[in-house]
Amino acid sequence: MKKNFYRVSKRVDSVVSTAYGPVEFSKTVSIDVSCDELEQSTYHSGVSKNDRLRIVKGRKFPIGTEGTVKVAVPNKFGSTFNDVLTGRLVHLNPSILLVLDDGSEIWTCGDNCINLKYGGPVVFTNEEDVNNWEKVNTTSYGKPVWYFDGREIIKAGNSIYGLSSEGFGVYQKMIKEGKNEIAAVIDDFSTDRYMFVKFTKEAKQGNEVQFVSTGSIRNMDDMWRGDTGLADAIKAFENCQVA
């Protein structure tokens, strides 16, 4: 009998506060799960307010009915388990108040629903299929957001470890600020490189307009230590205009 491989994609949403306002980030990640874990987590996933659910079992309401969670409370007759999709301790078979698309409200239970915020399973029958799927379904973290906090230039975004941010010093006050844009020569202290960046003040992912980084990571064992990229960063700064 062939072994089945299960891979589940899920979207992770988070918010970063910037000097220009909150920025919503999302990323898609994939995890491998066993058959038992997949069945349990798909049909009994923990729910939160505003999650979108679909009824897949039961006689009281039509199969396929969808709604938004208004209330989810533990069922005193239910148990708990650790959800492989979220890592949370979940109350099994909670009592749920759903708001349907027509505005009506119904009570149902977790046993009868699946949580649509988790992607459906992708099923493989061999390792080759898994590897081919990985090549075209790489994890996406989205583009970062740049902002100036009054002291440093900050680059914030998602990484494989979750939300991350880096702070860069402004080199010798080389910063231009317009009504809608900021440009600066920045110093990456960790690699001893200099870069030029220009970005809009709009609070969104992908607000980078121009980025110049030609320096190489400095080898402290080499007395010449390579090119820091400072000359190219200054040249880009001197030639730029900010709106």
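Observations
- Pairs with Cβ under 9 Å, 6+ apart, first in segment 54-77 and under 14 Å from residue 97 (Cβ atoms), second of a type in the set (Phe, Trp, Tyr) and part of a strand (DSSP E or B): 71/107
- Those residues of segment 195-212 which are modelled with pLDDT of 95 or more and touching a Gly at 6+ places or on another chain (Cβ under 8 Å), in sequence order: 195, 212
- Looking only at residues of segment 90-112 that are among the hydrophobic types (A, V, I, L, M, F, W, C) and at pLDDT below 80, we find that the one that is nearest to residue 59 (Cα to Cα) is 92.
- Identity of the residue in segment 62-81, of a type in the set (S, T, N, Q) and modelled with pLDDT of 80 or more, that ends up least open to solvent (accessible area, probe 1.4 Å): 65
- Residue check for residue 27: within 19 Å of residue 14 (Cβ to Cβ), at pLDDT 75 or above and within 22 Å of the chain's Cα centre (by Cα): no
The values are calculated or read from the model by the stated rules, or taken from the named source; none is laboratory data. For clarity, every value in this text was computed on a predicted model and none was experimentally measured. Counting neighbours? That spans all protein chains shown, and the Cβs are built from the backbone with ideal geometry, glycine included. Areas reflect the complete protein model, heavy atoms only, side chains present, ligands, DNA and RNA absent. Shrake-Rupley method; radii C 1.70, N 1.55, O 1.52, S 1.80 Å.
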